[in-house]
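Every number in this text was worked out from the coordinates using simple rules, so none of it is lab data. Values in this document were obtained by computation on a predicted structure and should not be read as measured data. Every residue, glycine among them, receives a Cβ derived from its backbone with ideal geometry; neighbour counts consider all protein chains shown.
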Ligand SMILES: [Zn+2]
């Protein structure tokens, strides 16, 4: 393997990965870890498998640093969600190469990224690359379900394996138009998931005599409408400020609402989740009998807070919207919500890649409304973790529709772009 043809190498590795069924549950990620170990060791990259359960191995590979520089982790997961072959135009585990794309469950989420990162570290190793800090590749299990055998477990049981200064993970990288200018999106933070339960009280009674009872379900319906009508007062966090700065001037706080309302729809949809909390009632339970008017009705609301916020920051607004009524509000759990700073050498490395490769485009931070494994690294080690792998051949709308859906595929051009990008960042930070 003297000549480096990263495109062919990444495509063939991805096709092999896609042929392995690692649908989670049950996962069975060890087959993917073994395939990657064989590939990486062939290129002289030292590998270690870590498994709490034998069938669910995490692979960590490393080019040791010379010392004195920052370490970089290329993070990915090898498990996928399920696929129903009846909905697909090709076998979801065939790794078919067709119309300039590699097809299969996980091509976008995220075996394509696995293959790009493995190819990047393997080819660098064969070229004799000696980074200042460790260059680490981790292909972990259990991202899609989360039963603590993947990265969360590694962070607590084998922290030395994954403790790094910088990390590139999944999350974003799509090229979109922002106010007429092309930009790539980079996830630098995640919202906090903080669901709560409303216990709404009434007085039970026989359903044939509605007037003698106080129907908790009917009360709950009124409260649900108030919850849904509540709009978070907009607030400018650093990530949103950096994004709006790309569009021109950053609005003053009192102008924020008007400025955002005037943005084109697709930009507004991107910005709005970064300006405040979001509430969605999702579960309701009341009487279990047709003829019994419920005296109690429970409503669970999904609630996403801005990074760094706590339930105490939003509870007064929620209670004010609900008004005086007969209910209790109980927070169920608080998960995620970590962020990484924006002005870092990792950010600079992303910009320097784009300056060479796509000079008309910039990069802007976004806050993910969901959760990724980046959270565990930020929480455990203070790692600067971004969700970024550039993608520009496949339209972002199409990619979003294909993730977790039928006919998932990745454009070979995007796969190659990913390898070149990861090699650039590793070389830049490791210099
Ligand atoms: Zn994923």
So how much slack lies between residue 265 and residue 358, counting 0.36 nm per residue of separation and subtracting their Cα-Cα distance, in nm?
31.0 nm
Checking rank on 84-94, 122-132, with mean other Cβ inside 10 Å and highest first, the result is 122-132, 84-94
Note the per residue figure in Å³ for the convex hull of the C-alpha positions in the chain.
165
One finds, for residue 130 and residue 181 with R0 = 30 angstrom and r their Cβ-Cβ distance, a FRET efficiency to the nearest 0.05 of 0.20
For a quick size check, give me the Cα extents of segment 147-281 along its three principal axes, largest first, whole Å.
64, 49, 23
With runs of 4+ DSSP H residues as the only contributors, calculate the mean residue ellipticity of the chain at 222 nm using -39,500 (n - 2.57) per run, divided by the residue total and rounded to the nearest 500.
-10000 deg cm²/dmol
Separation of segment 189-207 and segment 119-184 by C-alpha centroid, Å?
38
Given R₀ = 45 Å, FRET efficiency for residue 99-residue 321 by Cβ-Cβ distance, to 0.05?
0.35
Using a Förster distance of 41 angstrom, determine the FRET efficiency expected from the C-beta separation of residue 8 and residue 147, and round it to 0.05.
0.65
Could you tell me the center-to-center distance, by alpha carbons, between segment 28-75 and segment 342-401 in angstrom?
22
Given labels modelled 7 Å from the Cα in the Cβ direction, how far is it in nm from residue 283 to residue 405?
2.7
Any idea what angle helix 345-357 forms with the longest principal axis of the chain, computed on alpha-carbon atoms, 0 to 90 degrees, nearest 10?
70
Taking the DSSP beta bridges in the chain as the whole, what percent of them are antiparallel, to the nearest 5?
70
Points 7 angstrom from Cα along the Cβ direction at residue 235 and residue 203: gap in nanometres?
4.1
